[in-house]
């Protein structure tokens with residue numbers, strides 16, 4: 001994009017030379033493409049929450065199996081660990097094999113492995129199949145995010161990356177309800193939902209165009225040449241800081257969602273309808289935060305101090321909450337910050353990646369995000385053991401979040417100072 005006619009100097013950009021700066025994409029093909037990518041992004045969320053309502057039934061079914069108390073919950077959480085560990089490697093494959101080809105293959109494999117518990121009778125085999133589901137999820141998540149970065153640019157890309165957060169939050173609520181309803185037919189029934197990806201795979205193969213380094217898209221023809229990979233240094237240093245911040249941000253984001261029911265139970269709230277209502281309010285706050293990010297027009301770096309500050313304030317309110325109503329208010333504040341924080345971190349990471357690096361960079365970011373999700377309950381468990389209560393554990397996270405907020409605020413101020421216009425010297429006549 002040509003520089004604006006202004007006497008003020010432009011701030012230095014972290015972005016690699018992507019495509020020609022903002023190209024607005026529209027039309028029916030664009031809408032179908034976006035729908036397919038958003039549906040693909042929701043598949044790992046389906047795996048994370050769909051079977052949660054039937055875990056007690058699974059535990060009863062395998063009650064005689066040694067270690068069932070650990071193995072059944074592991075069936076829920078192990079895909080996230082696989083995704084966290086393997087997403088960076090999936091990113092390498094994305095850059096080498098091509099985004100579209102790997103996405104179609106992974107979507108088919110996801111259906112095969114996801115439905116495996118329908119006919120497996122060994123709990124150990126089910127857990128192993130769930131770990132392999134995480135491998136497919138790593139490829140799907142990395143490919144979908146990379147393709148969003150390939151197809152779109154500028155504010156349009158930021159808007160659609162933020163939509164990932166909104167779709168993830170909305171789909172998580174919907175899948176939880178779906179899993180609970182399907183669970184009435186037995187603990188195996190929710191696993192049928194994984195077969196939906198068999199409908200997505202051929203649609204992705206037919207309607208997703210092959211991206212090009214110039215930011216345009218070829219027609220979805222199988223005879224097109226492979227995507228070229230430019231030989232250039234990978235931007236390790238700027239991406240490392242973003243990924244480290246993402247791990248910490250994911251811990252701040254997921255803590256409330258994972259611990260909400262336990263925190264309310266500690267206050268004597270055991271009614272599942274009330275707990276569900278509180279969780280729905282928190283999910284809605286995530287969506288609102290993502291909408292605020294997309295509508296603001298501010299750079300992600302400028303949003304980060306606000307986002308981390310809201311998460312920190314939410315933890316502080318929960319820590320000091322005298323009753324469930326105030327606790328729920330704190331959760332809403334925290335999730336509002338999370339809804340701003342996640343798209344800010346993702347768009348910041350994408351802005352630093354050239355076409356040839358985008359798969360690896362997206363894989364590193366995705367792995368960092370899901371690593372934070374996986375270690376989140378472990379961090380809370382360790383802090384709770386040391387401090388006695390979950391509320392006190394969240395108090396420590398509030399202090400850590402406050403430190404991060406101050407550091408991000410100082411960094412933002414330093415950037416503004418460095419990019420401020422120099423005074424024009426006055427000529428004394």
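A few notes on this one:
- The residue 270 and residue 403 beta-carbon pair, evaluated with R₀ = 35 Å, returns a calculated FRET efficiency of approximately 0.50.
- Point-to-point label distance, residue 296-residue 31, nm (Cα→Cβ direction, 7 Å offset): 3.0 nm
- Paramagnetic label reach from residue 128 (point 7 Å along Cα→Cβ; backbone nitrogen cut-off under 12 Å): within the range 65-85, no residues.
- Relative to one another, the C-alpha centroids of the range 354-406 and the range 98-124 are positioned 28 Å apart.
- When each of the peptides 310-318, 69-77 is scored by how many other beta carbons lie within 10 Å of its residues on average, the order from highest to lowest is 310-318, 69-77.
- Highest average packing first - 408-417, 191-200, 300-309, Cβ atoms within 10 Å: 300-309, 191-200, 408-417
- Relative contact order (%) - the range 26-212, alpha-carbon pairs under 8 angstrom, separation at least six: 39 percent
- Label-to-label distance, residue 382 versus residue 92, with points set 7 angstrom from Cα along the beta-carbon direction: 2.7 nm.
- Multiplying the residue separation of residue 112 and residue 410 by 0.36 nm and subtracting their alpha-carbon distance yields 102.4 nm.
- Simple label model, 7 Å out from Cα along Cβ direction - residue 192 to residue 69, nm: 3.4 nm
- Theoretical FRET efficiency, 1/(1+(r/R0)^6), r = Cβ-Cβ of residue 389 and residue 244, R0 41 Å, to 0.05: 0.90
Throughout, read-outs are computed from the coordinates displayed, never taken from laboratory work. Because the structure is a prediction, the values reported are computed rather than measured. Cβ atoms come from the backbone with ideal geometry, glycine included; neighbour counts cover every protein chain shown.
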